[in-house]
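To start, the structure under review is shown below, and the notes come after it.
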Amino acid sequence: MKRLIWLLRRIFVIALVIIIGVGTIRTVRLTSRQVATEAVQPVNVGDDAIRRFSQAIKIPTFSKESKMDSLPFRNLALLFKKNYPHVDSLLEKQPAPPLSMVFKWPGKNPGLAPVLLMGHTDIVLIDEKTKADWQFPPLSGAVENGYILGRGTLDDKIAVVGILEAAEMLLQEGYTPNRTIYFAFGHDEEIGGENGAKKIAGWFENQGITFEYIIDEGMLVLEKAMPGITQPVGLIGIAEKGYATFQIEVKLEEGGHSSMPPKETAIGLLSETIIKLRENPFPAKVDGAAQELFDYIAPEMSLPYKVLFANRWLTNGILLKQLSKGSSANAMIRTTVAPTIIEGGFQENVLPSQVSATVNLRILPGETIQSAKAYLEKIINDDRISITQISDFSEDPSAISPTNSFGFQTIQKTILETFPDVIVAPSLVVAGTDSRHFSRVSKNIYRFLPMQLAKSDLSRIHGINERISVENYKRAIRFYKQLMVNSAK
Ligand SMILES: [Zn+2]
């Protein structure tokens, strides 16, 4: 017996030494994925550029599910024509859907695959219920206390106007790119991009044009992005989640009278189903884009976090548990299920026999709409409950774009050149962007908006009091200018 205890102790000590040894080696061997860049002289951006941005913000280019009002989009095109005369006269306008815009800037070397810079001109409607909470008119365009105010400053006129401003500057300087650059600005991204980006992508495909890389909105430079990291992190979206909506319907033989309610009611059953889905979330995993994110982030973290992330063979369970706690981290590691609509009942003293709930799923790359549906069926597993896919606004998750491509590396370099003291990491976009329509014309699709925000400012996107600092906007112009030059050498 004594000998057995002695032996077990020895095994335990040896195992501990091995774990500590391997853990230490793995931590020490983490190498930084950041690249060295030389500082570039910041481009001087005058106040005129701010005034031109303000003018674009004032134009009500709202996306509407019902008939779109085309006049604001035509006015925006006229404003661009007036404000960016070099772009208007020197770049080639390509066939595009009526309210969208596509420009071609021919490069000197037609042998190089072109790049595509994207943005969208439409903005989301102002929620009537929150109108009173705005501290300024939603389409103000005013510049106050170092901020440009109004809907579209963050999403996504910063990209469209920033790109045009940068191109205008380069054209004024007489610059001609080596590589052809295209700009594509859809007009209905906020309602799915069906008539804008999707048709533009189809046109490129028909022309046989494929891109070295594509950059669209999606991620940004985030301050205090995660614990253990002090610098802001420039997140480049290398993939985006899929989207599907299902109706979960409970149908019972009969409802019954509310004076003698049975144990099981349709509303009760539906409620239990929703709880069941919450209690049995999709499996969490750190792979694909999330794994790439941690591979880039871990070497830059403070020691305790470094140890945690470098030794995922040991710490995976703890890590997934921690990540599952916050809603944004949770969305990075699993397919999420959000109940968004619930319907049922019509009279206070009648038990309904049919009730339904709508659940919106955001699907992790690697899974599909079909596999997600199969998971819901497995968890719910009840003949009285049907699961039907209802939205035509659905999309499987995107492919994962590589990080060893010219596109990723050029965007990374440009972020490091234009944002002081940042680190760069690939990431997963949990929402959808127009770029998802372009998977057949490029394998290298990246999602990054050149702006630096604190987490607390993220709610302004699609929310109230949308605004951007003047400094942020100026930097966006510098970023796009530098990106064009870096891409088109
Ligand atoms: Zn957007």
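Values in this text are rule-based calculations from the coordinates and carry no lab data. On a predicted model such as this, the values are computed, not experimentally measured, just so you know. Cβ placement follows ideal geometry from the backbone for every residue including glycine, while neighbour counts extend to all protein chains displayed.
Between the listed residues THR176, ALA159, TYR243, the Cα displaced farthest toward the positive end of the dipole of the range 150-302, a dipole computed from Cβ unit charges relative to the Cα centre, is found at TYR243.
Between the exposed loop cleavage positions of the chain, defined as chymotrypsin sites (Phe, Trp or Tyr not before Pro) in a non-H, G, I, E, B DSSP state with at most 15 neighbouring beta-carbon atoms within 10 angstrom, the longest gap is 1-174. Dividing the convex hull volume of the alpha-carbon atoms in the chain by its residue count gives 199 Å³ per residue.
Subtracting the Cα-Cα distance of LEU78 and LEU4 from 0.36 nm times their residue separation leaves 18.0 nm of extension gain. With contacts taken as Cα pairs under 8 Å and at least 6 residues apart, the chain reaches a relative contact order of 25 percent. Put a plus charge on the Cβ of each Lys and Arg, a minus charge on the Cβ of each Asp and Glu, and nothing anywhere else: the dipole of the range 81-182 about its Cα centre is then about 360 debye. Each listed q (0.20 Å⁻¹) maps to a log10 I(q)/I(0) for the range 1-86 from the Debye sum over equal C-alpha point scatterers, namely -1.00.
Take the Cβ atoms of LEU16 and THR130, set R0 to 35 Å, and the FRET efficiency comes out at 0.05.
Which residues does a label at LYS378 reach in the range 267-285, if reach means a backbone N under 17 Å from a point 7 Å past the Cα toward the Cβ? Flagged as within label range: 276-285. In terms of other Cβ atoms within 10 Å, LEU483, LEU16 run from fewest to most in the order LEU16, LEU483. Scanning the chain for DSSP H helices at least 24 Å long along the axis (C-alpha atoms) with a Kyte-Doolittle mean no lower than -0.5 picks out 2-28. Restriction of the trypsin sites (Lys or Arg not before Pro) in the range 434-469 to DSSP coil positions whose beta-carbon has at most 15 other beta-carbons within 10 angstrom yields ARG440. Reported value for the range 241-389: 126 Å³ per residue, from the convex hull of its C-alpha atoms. Which is the longest part of the chain that has none of the GluC sites (Glu not before Pro) sitting in a DSSP loop with at most 13 other Cβ atoms within 10 Å? Between exposed loop sites, the widest span is 349-489. Pair-distance distribution P(r) for the range 77-178, from all Cα-Cα distances in 10 Å bins starting at 0: 12, 38, 29, 15, 5, 1 percent.
At an R0 of 25 angstrom, the distance between the Cβ atoms of THR230 and ILE25 translates into a FRET efficiency of 0.45. Placing +1 on the Cβ of every Lys and Arg and -1 on the Cβ of every Asp and Glu, with nothing else charged, gives the chain a dipole about its Cα centre of roughly 1900 debye. Distances between placed amide hydrogens fall under 5 Å for VAL424 paired with GLY234, all partners being 5 or more residues away or on another chain. When the trypsin sites (Lys or Arg not before Pro) in the range 1-82 are filtered for DSSP coil states and for at most 13 other beta-carbon atoms within 10 Å of their beta-carbon, the remaining sites are ARG29, LYS64, LYS67. For the range 414-441 and the range 176-254, what is the separation of their C-alpha centers, rounded to whole Å? So the separation of the two Cα centres works out to 9 Å. Only Cα pairs under 8 Å and 6+ residues apart enter the sum, and on that basis the relative contact order of the range 241-389 stands at 47 percent. Taking the Cα centre of the range 241-389 as origin and assigning +1 to Lys and Arg Cβ atoms and -1 to Asp and Glu Cβ atoms, the resulting dipole is close to 600 debye.
In this structure, HIS257 and ILE341 have a Cβ-Cβ separation that, at R0 = 25 Å, corresponds to a calculated FRET efficiency of about 0.40. For the range 88-121, list residues with backbone N below 18 Å from a point placed 7 Å from the Cα of ASP69 toward its Cβ? Correct set: 99-100, 121. Annotation: the residues MET226, MET169, MET484, sorted from fewest to most other C-beta atoms within 10 Å of their own C-beta, follow the order MET226, MET169, MET484.
Dividing the summed -39500 (n - 2.57) terms of all DSSP H runs of n ≥ 4 by the residue count of the chain sets its mean residue ellipticity at 222 nm at -11500 deg cm²/dmol.
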